[in-house]
Amino acid sequence: MRVIVDFCIIPLGTGDDLSLSPYIAECQRILADANLDYSLHAYGTNIEGEWEAVMAAVKQCHMRVHEMGAPRISSTLKIGTRIDRGQSMRDKISSVEKLLRE
């Protein structure tokens, strides 16, 4: 089953809580290596792909951020699935942009 998720990972207790960028960058590398479609935004990342591949990448992000020294992680994950027809992240954005042009 295809899925679109909104994923936000926040390492806690790192002693470097002012900049999360190194942790986020590492998760972006994991998503790229997994060959998933993803789009970074200001408060998280949209990820698109098969359920198992997306969830495996989310797990890898958690594991890697722990390896980087974060004793705790707080994440939010919003999950959307659709079985009546295919829909991509780009489709969803294009639909709104079309309405804005009208």
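The values are calculated or read from the model by the stated rules, or taken from the named source; none is laboratory data. None of these values were measured; they are calculated from a predicted model. Glycine gets a Cβ as well: all are built from the backbone with ideal geometry, and neighbour counts include every protein chain shown.
Out of the residues in the stretch 16-37 that are under 16 Å from Thr76 (Cα atoms) and in contact with a helix residue (DSSP H, G or I) (Cβ under 8 Å, 6 or more places away or on another chain), which is modelled with the highest pLDDT?
Looking at residues that are under 16 Å from Thr76 (Cα atoms) and in contact with a helix residue (DSSP H, G or I) (Cβ under 8 Å, 6 or more places away or on another chain), I get Cys27.
Being under 19 Å from Ile24 (Cβ atoms), touching a Phe, Trp or Tyr at 6+ places or on another chain (Cβ under 9 Å) and in contact (Cβ under 8 Å) with a residue 24 or more places away in the chain: is that true of Ile47 here? Walk me through how you get there before you give the answer.
On the way: under 19 Å from Ile24 (Cβ atoms): yes; touching a Phe, Trp or Tyr at 6+ places or on another chain (Cβ under 9 Å): yes; in contact (Cβ under 8 Å) with a residue 24 or more places away in the chain: yes.
Yes: the conditions hold for Ile47.
Can you find even one residue in the stretch 65-73 that is in contact with a Ser or Thr (Cβ under 8 Å, 6 or more places away or on another chain), farther than 27 Å from Gln87 by Cβ and surrounded by 14 or more Cβ atoms within 10 Å (Cβ to Cβ)?
Taking every residue of the stretch 65-73 in turn, at least one turns out to be in contact with a Ser or Thr (Cβ under 8 Å, 6 or more places away or on another chain), farther than 27 Å from Gln87 by Cβ and surrounded by 14 or more Cβ atoms within 10 Å (Cβ to Cβ).
Is one or more of the residues making up the stretch 43-63 modelled with pLDDT under 95 and surrounded by 17 or more Cβ atoms within 10 Å (Cβ to Cβ)?
Scanning the stretch 43-63 turns up no residue that is modelled with pLDDT under 95 and surrounded by 17 or more Cβ atoms within 10 Å (Cβ to Cβ).
Would you check if there is a residue in the stretch 80-90 being in a helix (DSSP H, G or I) and either surrounded by 11 or more Cβ atoms within 10 Å (Cβ to Cβ) or free of Cβ contacts under 8 Å to residues at least 40 places away in the same chain (or both)? Outline the logic, then answer.
First, pick out the residues of the stretch 80-90 that are in a helix (DSSP H, G or I): 89-90.
With the extra rule that they be either surrounded by 11 or more Cβ atoms within 10 Å (Cβ to Cβ) or free of Cβ contacts under 8 Å to residues at least 40 places away in the same chain (or both), the set shrinks to 89-90.
Yes, because at least one residue in the stretch 80-90 is in a helix (DSSP H, G or I) and either surrounded by 11 or more Cβ atoms within 10 Å (Cβ to Cβ) or free of Cβ contacts under 8 Å to residues at least 40 places away in the same chain (or both).
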